[in-house]
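Enquirer: Sending over a structure as structure tokens; questions will come in a sec.
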Amino acid sequence: MTGAGVWEWDSAAGIFIREDEGSGSAAPAAQSERLLVADSWLVTDGRVRAFDAHHRRFERSCRVRTHSIDAAEAVVTAAPAAAAEAASDRFRDALVALLPRTGDWFPRVELVDGGPSQTEDAVRLRLRVRPAPARGMTVIVWDPQVPDSRVHPQIKGPDLDQLGELRTKALALGAQEVILTDEAGYVIEAANSSVFWWEDGALWTPASAVVPLEGVTASLVAEIAQRRGITVRSRRITRAELETHEVWLTNALHGIRAVSEWRMSGRGSAGDALTGSEPPGSPATHAPIDRGRLQDWRDEWDAHARPLPDRTARD
């Protein structure tokens, strides 16, 4: 039976080969290794939401990332082949066969660059099967009050270390998420979530000069809104203005969460949302939540879970 572990894709054999002993901890990465692309989704007792959409996003991101590798990053001739493998049916089928059918899991598929070796297997595909972290229906958000400095905001993977550092700082302040804003102070998204808010009976998303990551769960929420006859609109908004509304964060792990509180090292007015003009230690801002509506939409999101395909003979 499959469980927690790390598997590397062998393109010649068309199978995943286990890298670790499945102890629950990931195999350590080489010091020079770089994460090029990643995608994760929640599997609960063999059921998953929008798996095909996650796989398509991963495949598209692999094509974009491998085409962008240049002499400054290290030219790797195997990169296009790895992207093609990510799009193949045999890769998808073998990946699905490794996903557990009982328990809560948060697997992650990866495209990694092994470093400057320039060997044919320097760029490779990998699957990490990980226990799902604890989940909740509300979230406390930290505003670092500095512009987003990600290099690849439209691709999940290459900036995860940087986002992880922000989340560590947020956790130290009692928050679980980080809001990201552009140079002009307008909200882009959260570190690991898409952003929605309620205003005048409509569901809104941020507009920014920075294009956010394509959110699979966000697309599902927009579809739910359409079926319910609720308009989804977009406009620019600062964090200071955002905190006056009911705000939802969406991602594949938690589904839909409502922001319950905003935290920051210094709070300014709507006009100086990023300056931190007030002294550190300013009180946190509690956010409005319609818990009945939140639970209703979370129930519908949960109802979109579908069984994984049957295991293949290799299991």
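Enquirer: Is at least one residue of the stretch 137-145 under 16 Å from the mean Cα position of the chain (by Cα) and not β-branched (Val, Ile, Thr)?
Expert: Taking every residue of the stretch 137-145 in turn, none turns out to be under 16 Å from the mean Cα position of the chain (by Cα) and not β-branched (Val, Ile, Thr).
Enquirer: Which of the residues spanning the stretch 3-54 are at pLDDT 90 or above and either touching a Cys at 6+ places or on another chain (Cβ under 8 Å) or of a type in the set (Asp, Glu) (or both)? Show your work before the answer.
Expert: Going residue by residue through the stretch 3-54, those that are at pLDDT 90 or above are 4-18, 35-54.
If the condition is that a residue be at pLDDT 90 or above and either touching a Cys at 6+ places or on another chain (Cβ under 8 Å) or of a type in the set (Asp, Glu) (or both), then Glu8, Asp10, Leu36, Val37, Asp39, Asp45, Asp52 are the ones that fit.
Enquirer: Considering every residue within the stretch 182-196, establish whether at least one is within 14 Å of Arg236 (Cα to Cα), polar (S, T, N, Q), in contact (Cβ under 8 Å) with a residue 12 or more places away in the chain and buried (at least 22 other Cβ atoms within 10 Å of the Cβ). Working first, answer last.
Expert: Let us first name the residues in the stretch 182-196 that are within 14 Å of Arg236 (Cα to Cα), namely 182-189, 195-196.
Add one more test, that the residue is polar (S, T, N, Q), and what stays is none.
No, there is no match, as no residue in the stretch 182-196 is within 14 Å of Arg236 (Cα to Cα), polar (S, T, N, Q), in contact (Cβ under 8 Å) with a residue 12 or more places away in the chain and buried (at least 22 other Cβ atoms within 10 Å of the Cβ).
Enquirer: Filter the stretch 213-247 for residues that are farther than 30 Å from Met264 by Cα and free of Cβ contacts under 8 Å to residues at least 40 places away in the same chain; which is surrounded by the fewest Cβ atoms within 10 Å (Cβ to Cβ)?
Expert: It comes out as Gly229.
The values are calculated or read from the model by the stated rules, or taken from the named source; none is laboratory data. Note that the coordinates shown come from a computational prediction; the quantities given were computed from them, not determined experimentally. Every residue, glycine among them, receives a Cβ derived from its backbone with ideal geometry; neighbour counts consider all protein chains shown.
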